[in-house]
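Enquirer: Structure in structure tokens, see below.
Just so it is clear, none of the values below were taken in a lab; they were calculated from the coordinates. Predicted, not measured: the structure shown is a model, and the values here were computed from it. Virtual Cβ from ideal backbone geometry, glycine too; neighbours counted across all protein chains shown.
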Amino acid sequence: MEFKNSTFIKLLIVQCLSVFGLAQNFDFFYFVQQWPGSYCDTQRNCCYPTTGKPDTDFGIHGLWPNYNDGSYPSNCDPNSPFKQSTVSDLISNLQKSWPTLACPSGNGLSFWSHEWVKHGTCSEAVLDQHGYFKSALKLKAQIDLLQILLGAGINPDGGSYSISSIQNAVRNAIGSTPGIECNVDASGNSQLYQVYICIDTSGSSIIECPIMPNSDRCDSAIVFPAF
Ligand code: 5GP
Ligand code: 5GP
């Protein structure tokens, strides 16, 4: 009887911990947007989606749960596959704001599915599948990165800009310093590839980044290529 009771209590504790863990098993989100010009002008090239060339604008890459130490959870729920039917009302907005540029050309479903399975399942206790995509689309609408940069004289014209000028422009507009990730174009120039903005665990408010993503591939001045 005593044995049974203690086993029961242990089970109860494990259950409670997993519920608490699930309730907030990450510290913040990175909201990551990619510049299509920089995805496409590398040696690897890109393929436009089946719906046509995306807008000349930043596109969503993902909304990524992260830990304050820089590590992150991934693939958290094998029992939660991406289901198109849960986001059917969002598809046209996803096509516009979250276009896929990988080859071969696709309609976006495999990109969104990858992001849900790898990242979205790790914030499932906060945002269900519809909520996850809706939150990312809302953040995209709220944070008009291209307009912010244009307003600061930072244009996608092949010119070079310092990382700090890009970070300052965004900080002045949204009150938080973004992380910058670079990649390398086909001629070997370091260029603006992705912008990381930190978001609270509810997926709605911009916060100061607890830790910046790696920007090792950025030179002190980076190219902002056309698209
Ligand atoms: P890469 O190695 O190209 O920088 O990143 C590959 C993939 O790893 C990203 O697309 C993303 O799914 C994941 N990843 C890379 N860095 C981070 C990070 O700092 N936080 C999170 N949550 N995911 C990351
Ligand atoms: P992550 O880097 O988020 O782990 O994975 C990105 C995955 O999504 C890769 O397998 C990549 O081929 C696919 N993918 C599809 N479209 C895109 C796109 O437009 N940008 C990026 N970065 N990855 C894409």
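Enquirer: Taking amide H positions as placed 1.01 Å from N in the peptide plane, with prolines and chain starts having none, which residues 5 or more places from Asn183, or on another chain, fall under 5 Å of its amide H?
Expert: Placed amide hydrogens put Gln191, Tyr193 under 5 Å from Asn183.
Enquirer: May I ask for the net charge around Cys209, where only other residues with Cβ less than 15 Å from the Cβ of Cys209 are counted and Lys, Arg are +1 while Asp, Glu are -1?
Expert: Cβ neighbours under 15 Å give a net charge of -4.
Enquirer: For a quick check: with amide H placed at 1.01 Å from N, whose amide H comes under 5 Å from Gly62's, ignoring anything fewer than 5 positions away on the same chain?
Expert: Close amide H contacts, sequence-distant or interchain: Val32.
Enquirer: Take the chain, connect every pair of alpha-carbon atoms lying under 10 Å apart with a spring to form a Gaussian network, then pick out the residue of Gly159, Gly59, Gly120 with the largest mean-square fluctuation.
Expert: Greatest mean-square fluctuation among the candidates belongs to Gly159.
Enquirer: Within the chain, how many Lys pairs sit with Cα atoms under 15 Å apart, leaving out pairs fewer than 8 places apart on the same chain?
Expert: Lysine pairs meeting both conditions in the chain amount to 6.
Enquirer: Another question about this same structure. Using only the alpha-carbon atoms, how far is helix 109-118 inclined from the longest principal axis of the chain? Give it as 0 to 90 degrees, nearest 10.
Expert: 50 degrees
Enquirer: If you don't mind, another one. Taking the chain as a Gaussian network, where each spring joins two C-alpha atoms under 10 Å apart, which residue of Ser38, Ser123, Ser92 fluctuates the most?
Expert: Ser92
Enquirer: Taking the dipole about the Cα centre of segment 17-128, with the C-beta of Lys and Arg at +1 and of Asp and Glu at -1, give me whichever of Val117, Pro49, His61 is farthest to the positive side.
Expert: Of the candidates, Pro49 comes out farthest on the positive side.
Enquirer: Where does helix 163-174 land angle-wise versus the long Cα axis of the chain, in degrees 0 to 90, nearest 10?
Expert: 60 degrees
Enquirer: Hey, how many Å between the Cα centroid of segment 91-133 and the Cα centroid of segment 72-89?
Expert: Between the Cα centre of segment 91-133 and that of segment 72-89, the gap is 8 Å.
Enquirer: Right, here's the next one. Output ³J(HN,Hα) for segment 43-59: one whole-Hz value per residue in order, computed from phi by the Karplus curve 6.51 cos²θ - 1.76 cosθ + 1.60 with θ = phi - 60°, and x for Gly and Pro.
Expert: 4, 7, 6, 9, 10, 5, x, 4, 7, x, 4, x, 4, 6, 7, 5, x
Enquirer: Have a look at His119, His61, His130 and tell me which one the Gaussian network model of the chain (Cα, springs below 10 Å) gives the largest fluctuation.
Expert: Ranking His119, His61, His130 by mean-square fluctuation puts His130 first.
Enquirer: Could you work out how far helix 2-23 tilts from the main Cα principal axis of the chain, as a 0 to 90 degree angle to the nearest 10?
Expert: 20 degrees
Enquirer: Amide H to amide H, which residues 5 or more places from Gly159 or on other chains are under 5 Å from it, using H placed in the peptide plane?
Expert: Hits under the 5 Å cutoff: Phe224.
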